[in-house]
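Participant: Take a look at this one; I'll ask things after.
The values are calculated or read from the model by the stated rules, or taken from the named source; none is laboratory data. Because the structure is a prediction, the values reported are computed rather than measured. Cβ sites come from the backbone with ideal geometry, for glycine too, and all protein chains shown count toward neighbours.
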Amino acid sequence: MHSIYSKIAICINSISRVSVFFIAFLAALPTFAQDAAPTWIQVVIVQVKPGQAPEFEDRIRELMQGRQDAGLPLGNIFEVEAGSPGEYHIVVPMASMAELDNPTPPMSPPEMAVWTSRTLPHIDSTHWFYARLYPEFGIQDDAGASANLLILQSNRVVAGKQAEYLDWVAEYMMPAARESSIIGHTFSQGVFGDSPQNFYHAMPVANWAEFDTPNPLQQSLGQRGYDQLVDRLDGILESTSLTVATIRSDLMPQ
């Protein structure tokens, strides 16, 4: 499959998971200031047991309804289509880490206990972490808001080369991306519960047919310019993995 950044790929690394499901963490994703630009994202990666997806999705709908009723942000839910079957990503933006000091639960304690007992049987494993968001490297487009898919590129840089990678993003990648037909871009770096060597590029894609069209950066820069862009990562990029997910807006309150 042709990807937006396929020339950057060196090898495929799967996203790590832990075997314990932090149900309290998932249930109490925090609020954030509506007038503040988010600077963090909170990510929960859930591996659902085979054949249990419909039941798990029902529980997620209940959770999101509870969050809406409690006045909490809903974030986004993604279901992996090309990667690990049965994997869901729940992503919520945060204005600051201080929000975790006094999180607001989406349900009353008795309701939360019932929801937890009904959810746990469907879960195989989970991995959660906090990532630093870089809004200055974001791209927002009306077409991206109506996209059906998301491509997630997880890049791991050589230890000690984080600053060089950020410089590459700022000086070379983003100027090229802004001149291309990319319809959206969110950029973050793993911190707590993850390695700071991990960087994440999330880009909406209108549909699967887009993967049959030329790479937007390659099309914008031309082959020579694109190769030069990639070559600048020599000695900086250690590995990369690509995941395609469906944007599950149907799991949100209607």
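Participant: Give the residue that is surrounded by the fewest Cβ atoms within 10 Å (Cβ to Cβ), with candidates limited to residues of region 127-159 that are in contact with a Ser or Thr (Cβ under 8 Å, 6 or more places away or on another chain) and among the hydroxyl-bearing types (S, T, Y).
Facilitator: If we take residues in region 127-159 being in contact with a Ser or Thr (Cβ under 8 Å, 6 or more places away or on another chain) and among the hydroxyl-bearing types (S, T, Y), then Y134 is surrounded by the fewest Cβ atoms within 10 Å (Cβ to Cβ).
Participant: Cβ-Cβ under 7 Å, sequence separation 6+ or interchain: first residue in region 56-74 and outside any helix (DSSP H, G or I), partner of a type in the set (S, T, N, Q) and surrounded by 16 or more Cβ atoms within 10 Å (Cβ to Cβ). Which pairs?
Facilitator: Cβ pairs passing all conditions: L72/T31; P73/T31.
Participant: Do the conditions hold for F211, that is, is it under 22 Å from G144 (Cβ atoms), at pLDDT below 95 and either crowded, with 19+ Cβ neighbours inside 10 Å or not assigned by TED's automatic domain parsing to the domain that holds M94 (or both)? Before the answer, list the steps.
Facilitator: On the way: under 22 Å from G144 (Cβ atoms): yes; at pLDDT below 95: yes; either crowded, with 19+ Cβ neighbours inside 10 Å or not assigned by TED's automatic domain parsing to the domain that holds M94 (or both): yes.
The answer is yes for F211.
Participant: Tell me, which strands (runs of 3 or more DSSP E) wholly within region 75-182 include 1 or more residues that are over 29 Å from P214 (Cβ atoms) and of a type in the set (K, R)?
Facilitator: On the way: elements: 76-82, 87-94, 123-133, 149-157.
Fully inside region 75-182 and qualifying: 123-133.
Participant: Which condition breaks for Y172 when tested against (1) among the hydroxyl-bearing types (S, T, Y); (2) modelled with pLDDT of 95 or more; (3) under 20 Å from L242 (Cα atoms)?
Facilitator: Among (1) among the hydroxyl-bearing types (S, T, Y); (2) modelled with pLDDT of 95 or more; (3) under 20 Å from L242 (Cα atoms), the lone unmet condition for Y172 is (3).
Participant: Further question: Pick from I90, I41, I139: which is in the same structural domain as S188 (by TED's automatic domain parsing), within 30 Å of S180 (Cα to Cα) and not aromatic (F, W, Y)? Walk me through how you get there before you give the answer.
Facilitator: Working: I90 fails: in the same structural domain as S188 (by TED's automatic domain parsing); I41 fails: in the same structural domain as S188 (by TED's automatic domain parsing).
Among I90, I41, I139, only I139 is in the same structural domain as S188 (by TED's automatic domain parsing), within 30 Å of S180 (Cα to Cα) and not aromatic (F, W, Y).
Participant: In addition: Inspect region 154-169 for any residue being under 30 Å from R61 (Cβ atoms), in contact with a Gly (Cβ under 6 Å, 6 or more places away or on another chain) and not acidic (D, E) and give the result as yes or no. Let's see the steps before the verdict.
Facilitator: Going residue by residue through region 154-169, those that are under 30 Å from R61 (Cβ atoms) are 154.
Checking the rest, the ones that are also in contact with a Gly (Cβ under 6 Å, 6 or more places away or on another chain) come to none.
No: region 154-169 contains no residue that is under 30 Å from R61 (Cβ atoms), in contact with a Gly (Cβ under 6 Å, 6 or more places away or on another chain) and not acidic (D, E).
Participant: Does region 164-171 contain at least one residue that is surrounded by fewer than 20 Cβ atoms within 10 Å (Cβ to Cβ), of a type in the set (A, V, I, L, M, F, W, C) and in contact (Cβ under 8 Å) with a residue 60 or more places away in the chain?
Facilitator: Taking every residue of region 164-171 in turn, at least one turns out to be surrounded by fewer than 20 Cβ atoms within 10 Å (Cβ to Cβ), of a type in the set (A, V, I, L, M, F, W, C) and in contact (Cβ under 8 Å) with a residue 60 or more places away in the chain.
Participant: Hey, V92 hits all of (1) modelled with pLDDT under 90; (2) out of contact with any Pro (no Cβ under 8 Å at 6 or more places or on another chain); (3) not charged (D, E, K, R) but one; which does it fall short on?
Facilitator: Condition not satisfied by V92: (2).
Participant: Right, next: Give the residue that is nearest to the chain's Cα centre (by Cα), with candidates limited to residues of region 132-169 that are hydroxyl-bearing (S, T, Y) and within 13 Å of G190 (Cα to Cα). Walk me through it before giving the result.
Facilitator: Let us first name the residues in region 132-169 that are hydroxyl-bearing (S, T, Y), namely 134, 146, 154, 165.
Checking which are within 13 Å of G190 (Cα to Cα) leaves us with 134, 154.
Numbers: Y134: 13, S154: 9 Å.
Once the filter is applied, the top-ranked residue is S154.
Participant: Something else about it: Give region 78-110 a look and list any residue that's exposed (fewer than 14 other Cβ atoms within 10 Å of the Cβ) and free of Cβ contacts under 8 Å to residues at least 60 places away in the same chain, or say none.
Facilitator: Once the filter is applied, which keeps residues that are exposed (fewer than 14 other Cβ atoms within 10 Å of the Cβ) and free of Cβ contacts under 8 Å to residues at least 60 places away in the same chain, region 78-110 yields P85, A98, D101, N102, S108, P109, P110.
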